[in-house]
Protein chains: 2
Amino acid sequence: MLPDKFIRDLGEIPHSRDAAALRVKSADFSWFSPIMSAALAGRLADVVVAPRSEQDVIRIAAACAKHRVPLVARGAGTGNFGQAVPLAGGAVVEMPGLERIAWHKPGSVRAQAGIRLGLLDQELRKNGRELRMHPSTKKLATLGGFVGGGHAGIGSVNWGILRDRGNILGLKIITIEETPRLLELRGDDVNLVHHAYGVNGLVTEVELPLAAAHEWLDTIVVFDGFARAAEFGMALATQDGILKKLVSVHAWPIPSFFVSLRKYLPEGKAAALLMIGAETREAFEALVGDFLGKVSYCVPEAGLYEYTWGHTTMHALRADRSLTYLVCIFPREDTLGAIKRVHGKLGAEAFLHLEFKRFNGYMTAEGVPLFRYRGFEQMTRLYKAFEAEGVRIANAHTFLLQNGGMKDLDAAQIAFKRTVDPHLLMNPGKIAGLDDLPGGLSGAALEAAQLPASGWAY
Amino acid sequence: MLPDKFIRDLGEIPHSRDAAALRVKSADFSWFSPIMSAALAGRLADVVVAPRSEQDVIRIAAACAKHRVPLVARGAGTGNFGQAVPLAGGAVVEMPGLERIAWHKPGSVRAQAGIRLGLLDQELRKNGRELRMHPSTKKLATLGGFVGGGHAGIGSVNWGILRDRGNILGLKIITIEETPRLLELRGDDVNLVHHAYGVNGLVTEVELPLAAAHEWLDTIVVFDGFARAAEFGMALATQDGILKKLVSVHAWPIPSFFVSLRKYLPEGKAAALLMIGAETREAFEALVGDFLGKVSYCVPEAGLYEYTWGHTTMHALRADRSLTYLVCIFPREDTLGAIKRVHGKLGAEAFLHLEFKRFNGYMTAEGVPLFRYRGFEQMTRLYKAFEAEGVRIANAHTFLLQNGGMKDLDAAQIAFKRTVDPHLLMNPGKIAGLDDLPGGLSGAALEAAQLPASGWAY
């Protein structure tokens, strides 16, 4: 299928058509969802290309445009929503070769898109700064992958989500044209590319604002009941004088899935997994006392965040492969009331964990309830039960960028796509109505696209 | 009145009984209030003592206890509420000789109480850190004075008020006993001393958490109307991704009082006086555009904060000596609604300015409406009109610590006072019912104490 001339045009740029490599590099973490797994089964790239420089990326972009070869940018493949899975074959462009830090000022950094976030953060911390936020996959995930396919993470309890103004300062992209252009996007324009799953140009550089580095204490606090733990979580998240980077609250039995933490997580108890700044530890302990919590673990930076956000699902699936999840956001008004109602009514079927985050100027919690999958009808019933309590649901089981309805995809992003990818070669099949796959959706993919969603702009 | 033996016990510690010195060192900024001015007229210390070290402070404390000499600690005398005015004569203990920085870690600093906040901040910034918050009197005010008599300031839009847990890490005090004790207070215990107007021990050292230093752009944005300016203020204050340290919004004619800024403040317009982080300037400008504001001034760190918070009153009084003020805090729910209603109903008489600040976990605005003083009845009428809109009022015209009602003074603070100041010598007359002045209150002081107040724990 792949034109020989395309391969010739790649020249010295490392690439592989080895079957094992194609299988590995065509997959991401969409296996978290049984529906998405079925929908994406058998989707494979024809070649994996690994650029070493911006010049290589330009050459790949030109070759794809010239020969009409579809392409998908890939960071570490840690996305859960099929972001890195090629739906129409073609090339997977593996970015981790672009790992240079362009510059680092006290308040901001600019680096190539392929750099691992863990490595970047490590470099920043040498100068007393750190990333404002990172996903639970920090060690593996790349800067470009996070900005292209992520939306928030550890640190969002302080800084809001990536889309909130000021959290991405600038981006450089390469257009997919016979003569590729280099575009710098700044201000609100960064959102033409952010969370667009790599359909709007190949991101080669990203500029981010920084936070002060602190000594973070990985801390577990246990509570008799989930309601109390959630109240504590909200209090800690909103106490502005107390340093924190992560506030993640888990209803039993979720803590039972964290095998290596078992001795800090007593049977039947709710648990808060936290990162607390060492300087304000005494103030934090006073707050714990107010809520009758018990600190069972407190260790400097031991990787506790790898049990929260997306990682919670991974540990749960390791323990019980029948589990799946919803992605929901609790309402701005009476956030705790909605959390308690949902837990009270549905907690026996859908196990709740919360990640507190700021979002568009206010504090709320994201929830990823875990439940034993029984099919489409159960999923729809749970969606509706959550919505009835004022909770908004994202469709986490479709690879369609619009999230099951055009309402969430910005028209400006679509218009921009036509200018930077005129042949519609980037990650095709992700935008319903624009670059639909031949024959349309069927089976699990169709079913997934039809799951209800409340509309929730990341 | 002052026993000779007391003076002898002071030894080599610098002190003065010069009439001019006593007059200057017995005054603070309570002249802002015509009521307080009248109430405090003629209150003078008998001696000003200027310790050079902690040992000097211990010696002064012992001498005061032994000879039953009242004492008042003094930083720079920039408080507005009579904090530094001696009501019962005795000694003013002037602290700026204690100006050593004990240590400075990346996340916190410990310094002697007499250090000027401006100097301290300057030292911190050499290492990429700065104070979380400071009053508009930063250049003059001392660390101990801020913690003893202040409550919030520039930076509170990010970190909340001083009383919020985590904003004061520790305090060292010297008790007023024949054999003074040195006590270290940490965690919640710091509030036994914070905002107690110096009645609970002589503070010699303070430990504070720090923030990352940023390049702050002093910025003025003008708006056609005050309502729009207030909406913009709230949006900016809550946009977590945009760096800011000050969000202060002024209704016309307040900007007309800022003589040296006149060319940036068009006739009849509302103005926002801001400190914006240079890194996220583009995101800030996008927000300004959303609210149809116009940036008229944007200069790195030019001291714009000296037109906000308490300084606003000073500039207003310079322009029109007949003005006075209320101190109010807007409600958590529908903050903007209350601001607009108050401005709509009372704005012609009481000119509004707002300082946005976080407070006990949520964003709100403090307001200091300025109006031409017409006496007790007008003041009471305005109090009630503000309260009717859900706005809580502090009584800014009484020197009584309880704010016109025992409800706001913590019983633990009173109990603590008895242990650290058993002879009730510290700043006597500030706690009604405990150390009332001989003959009780009369005239303006009595009138001021009877002004209504909603109760507002700083």
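Determine the distance separating the Cα centre of region A:276-316 from the Cα centre of region B:417-457; give it in Å without decimals. Measuring centre to centre over Cα atoms gives 43 Å.
When chains A and B come together, the accessible area they lose, probed at 1.4 Å and totalled over both chains, is close to 2800 Å². Computed from backbone phi with θ = phi - 60° and the Karplus coefficients 6.51, -1.76 and 1.60, the 3J(HN,Hα) list for region B:241-254 is x, 9, 6, 8, 10, 8, 9, 10, 10, 10, 7, 4, x, 4 Hz; x is used for glycine and proline. Here's how it looks for A:GLY89: its modeled amide H is under 5 Å from those of A:LEU44, which are all 5 or more places away or on a different chain. With the whole protein complex present, B:CYS298 retains an accessible surface near 40 Å², based on a 1.4 Å probe.
Among residues of chain A, the one whose Cβ lies closest to the rotation axis carrying chain A onto chain B, together with that distance rounded to whole Å, is A:ALA212, 2. The H on the amide N of B:ARG392, modeled in the peptide plane, is under 5 Å from the matching H of B:ILE329, each at least 5 residues off or on a different chain.
I'd like the carbon and sulfur percentage of the solvent accessible area for region A:101-140, probe radius 1.4 Å, heavy atoms only, ligands and nucleic acids excluded.
Values: 820 of 1550 Å².
Carbon-and-sulfur percentage of accessible area, whole number: 53.
Find every distance from the label point of B:GLY225 to the corresponding label point in the other copies (7 Å from Cα along Cα→Cβ) and write them in nm, one decimal, shortest first. With the label placed 7 Å along Cα→Cβ, B:GLY225 yields 4.7 nm.
Take each residue of peptide B:159-169, count the partner chain Cβ atoms within 10 Å of its Cβ, and average: the result is 5. Placing +1 on the Cβ of every Lys and Arg and -1 on the Cβ of every Asp and Glu, with no other charges, gives region B:1-146 a dipole of roughly 320 debye about its Cα centre. Loop-located trypsin sites (Lys or Arg not before Pro) across region A:252-349 with a Cβ neighbour count of 12 or fewer within 10 Å are A:ARG321, with loop assigned by DSSP. Could you compute how fast region B:232-380 diffuses translationally, taking Rh as the Kirkwood radius over C-alpha pairs and applying Stokes-Einstein at 20 °C with viscosity 1.002 mPa s? Give it in µm² per second. So the translational diffusion coefficient is about 133 µm²/s. For region B:335-377 versus region A:134-169, the spacing of their alpha-carbon centroids is 38 Å. Shortest first, B:ASN127 label-point distances to identical copies amount to 1.9 nm, with the label point at 7 Å from Cα along Cα→Cβ.
Give me the dipole magnitude in Debye, nearest 20, for chain A about the Cα centre, with unit charges on the beta carbon: positive for Lys and Arg, negative for Asp and Glu. Don't jump to the answer; show the numbers that get you there.
Values: 51 positive and 48 negative charges, 83 e Å.
Here chain A has a charge dipole of around 400 debye.
Placing unit charges on each Cβ (+1 for Lys and Arg, -1 for Asp and Glu) gives chain A a dipole about its Cα centre, and among A:VAL85, A:PHE416, A:LEU192 the Cα reaching farthest toward its positive end belongs to A:VAL85. Given a 1.4 Å probe and the protein chains as shown, A:THR78 ends up with an accessible area of around 30 Å².
Each residue of region B:85-95 is assigned a 3J(HN,Hα), and the resulting list reads 8, x, 8, 10, x, x, 9, 9, 9, 8, 8 Hz, derived from the Karplus form 6.51 cos²θ - 1.76 cosθ + 1.60 (θ = phi - 60°), x at Gly and Pro. Only the Cβ atoms of Lys and Arg (+1) and of Asp and Glu (-1) were treated as charged; on that basis the dipole of region B:154-286 about its Cα centre amounts to roughly 360 debye.
With every protein chain present, what is the per residue accessible area of region A:231-316 (1.4 Å probe, Å²)? Mind dumping the intermediate values first?
Details: 2830 Å² over 86 residues.
The answer is 33 Å² per residue.
Distances between copies at B:SER260, taken between label points 7 Å from Cα along the C-beta direction, are 6.0 nm in increasing order.
So which trypsin sites (Lys or Arg not before Pro) in region B:1-69 pass both tests, a DSSP loop state and at most 13 other Cβ atoms within 10 Å of the Cβ? Before the final figure, lay out the partial values.
Working: sites: B:LYS5, B:ARG8, B:ARG17, B:ARG23, B:LYS25, B:ARG43, B:ARG52, B:ARG59, B:LYS66, B:ARG68; in loops: B:ARG17, B:ARG43, B:ARG52, B:ARG68.
Sparse-neighbourhood loop trypsin sites (Lys or Arg not before Pro): B:ARG17, B:ARG68.
With a ≥ b ≥ c the root eigenvalues of the C-alpha gyration tensor of region A:323-456, is it rounded (a/c under 1.5), prolate (a/b larger than b/c) or oblate?
Details: a/c = 3.01, a/b = 1.59, b/c = 1.90.
Cα axes put region A:323-456 in the oblate bin.
Converting phi to 3J(HN,Hα) with the Karplus coefficients 6.51, -1.76 and 1.60 and the offset θ = phi - 60°, region A:206-220 yields 9, 10, 10, x, 10, 10, 5, 6, 10, 7, 8, 9, 6, 9, 10 Hz in sequence order, with x at every glycine or proline.
Which loop trypsin sites (Lys or Arg not before Pro) in region B:125-234, with loop taken from DSSP, have no more than 10 other Cβ atoms within 10 angstrom of their Cβ? Spell out each step's value before the answer.
Values: sites: B:ARG125, B:LYS126, B:ARG129, B:ARG132, B:LYS138, B:LYS139, B:ARG163, B:ARG165, B:LYS172, B:ARG181, B:ARG186, B:ARG228; in loops: B:LYS126, B:ARG132, B:LYS138, B:LYS139, B:ARG163, B:ARG165, B:ARG181.
Passing both the DSSP loop test and the Cβ count: B:LYS126.
Distances between placed amide hydrogens fall under 5 Å for B:THR204 paired with B:LYS172, B:ILE173, B:ILE174, all partners being 5 or more residues away or on another chain. Heavy-atom surface analysis with a 1.4 Å probe gives region A:205-319 a carbon and sulfur content of 51 percent of its accessible area. Near A:ASP9, once Lys and Arg are set to +1 and Asp and Glu to -1 for all other residues with Cβ below 9 Å from its Cβ, the sum equals +4. Cross-link pairs exceeding 30 Å in C-alpha to C-alpha distance, out of A:LYS245/B:LYS340; A:LYS417/B:LYS269; A:LYS172/B:LYS138; B:LYS5/B:LYS172; A:LYS294/B:LYS430; B:LYS126/B:LYS172, comprise A:LYS245/B:LYS340; A:LYS417/B:LYS269; A:LYS172/B:LYS138; A:LYS294/B:LYS430.
Taking the alpha-carbon centroid of each part, what is the distance from region A:14-63 to region A:210-226 in angstrom? For region A:14-63 versus region A:210-226, the Cα centre distance is 36 Å.
Provide a whole-number value for the mean count of partner chain Cβ atoms within 10 Å of the Cβ atoms in peptide B:422-431.
0
For the residues of B:277-284, the average number of beta carbons from a partner chain within 10 Å of their own beta carbon is 6.
The values are calculated or read from the model by the stated rules, or taken from the named source; none is laboratory data. Note that the structure is a prediction, hence the values are computed from the model and not measured. All Cβ positions, even for glycine, are placed from backbone atoms using ideal geometry, and neighbour counts span all protein chains on display. Only protein heavy atoms, including side chains, enter the accessible area calculation; ligands, DNA and RNA are left aside. Shrake-Rupley method; radii C 1.70, N 1.55, O 1.52, S 1.80 Å.
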